[in-house]
Structures are given as structure tokens and as C-alpha cells.
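Reviewing the structure listed below.
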Amino acid sequence: MTPFHVGMEVVCIDARGHHRYCNSNFSYSREMNGLTEGVKYTVREIVVDCHPRFPGVGLHLEEIHRHVWRGVSTPYASARFRALVKTDISIFTAMLNFQPQKENV
């Protein structure tokens, strides 16, 4: 089971080209095709164990279409991303602006 889903907004936390997310014997492309740390992306497709040397969950992004190798588009390792959490702080703003009501005695 993956914590990601199609349409989910994620933020890149690792855009370096290295072999951290795949088997070291795999001729992994170090080309990140414009992937940038700190930038928000949208999950287009989720791939699980797409290759024996690339275990785990891979993500295809709406904003970047990577090269095709042997008929398959290369996903980014999901470990390169974290979910983008949108925080609603209206409840805290309401607490700051709280005005106690006077009781009628």
C-alpha cells in the first residue's frame, strides 16, 4: 500500500541524480528532467516494482514527462517526494480573535 494517490500534490525533497533508489548494478539515468527540490508536483500515475532493479513505488508526474527506455517511461522514486499538506489555520485565527460574551445577570 502506498501513501500516494493519483491527483495528489507532492513536493520534491531530493532531486539529486544518484543511485540511492535503485540497485547499484542498474544503469540508472542520472538525468532528472527538470525535477527541482522544493517544487510542487501532481501525481499522474503510480507504479509498484516496475523493474527488478528498481524496487518500490515510482511516481509519474503531470508536470514532467520523462524519457522512454525500452518502451517504458521512467518513474521517479516515491522517496524523492513528500505529500504536500495544506493547513487551514482559520481555527487558530478564530481563537486569537475570540471575544467572550457578557452574561446578563
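The values are calculated or read from the model by the stated rules, or taken from the named source; none is laboratory data. It should be emphasised that the depicted structure is a prediction, and the values quoted were computed from it without experimental measurement. Using ideal geometry, Cβ is built from the backbone for each residue, glycine included, and neighbour counts are taken over all protein chains shown.
Taking the conditions exactly as written (under 23 Å from HIS5 (Cβ atoms), modelled with pLDDT under 80 and of a type in the set (Lys, Arg)), does LYS86 satisfy them or not? Yes; evaluated as a whole, the condition is true for this residue. Taken as a whole, the stretch 18-36 holds no residue that is of a type in the set (Lys, Arg), surrounded by 10 or more Cβ atoms within 10 Å (Cβ to Cβ) and either in contact with a Cys (Cβ under 9 Å, 6 or more places away or on another chain) or at pLDDT 80 or above (or both). Note on the stretch 49-98: residues that are loosely packed, with under 10 Cβ neighbours inside 10 Å, on the phi < 0 side of the Ramachandran plot and basic (Lys, Arg) amount to 1. Taken over the stretch 65-83, the criterion of being without any contact (Cβ under 8 Å) to a residue 24 or more places away in the chain, closer than 23 Å to THR2 by Cβ and of a type in the set (Gly, Ala, Ser) is satisfied by SER73 alone.
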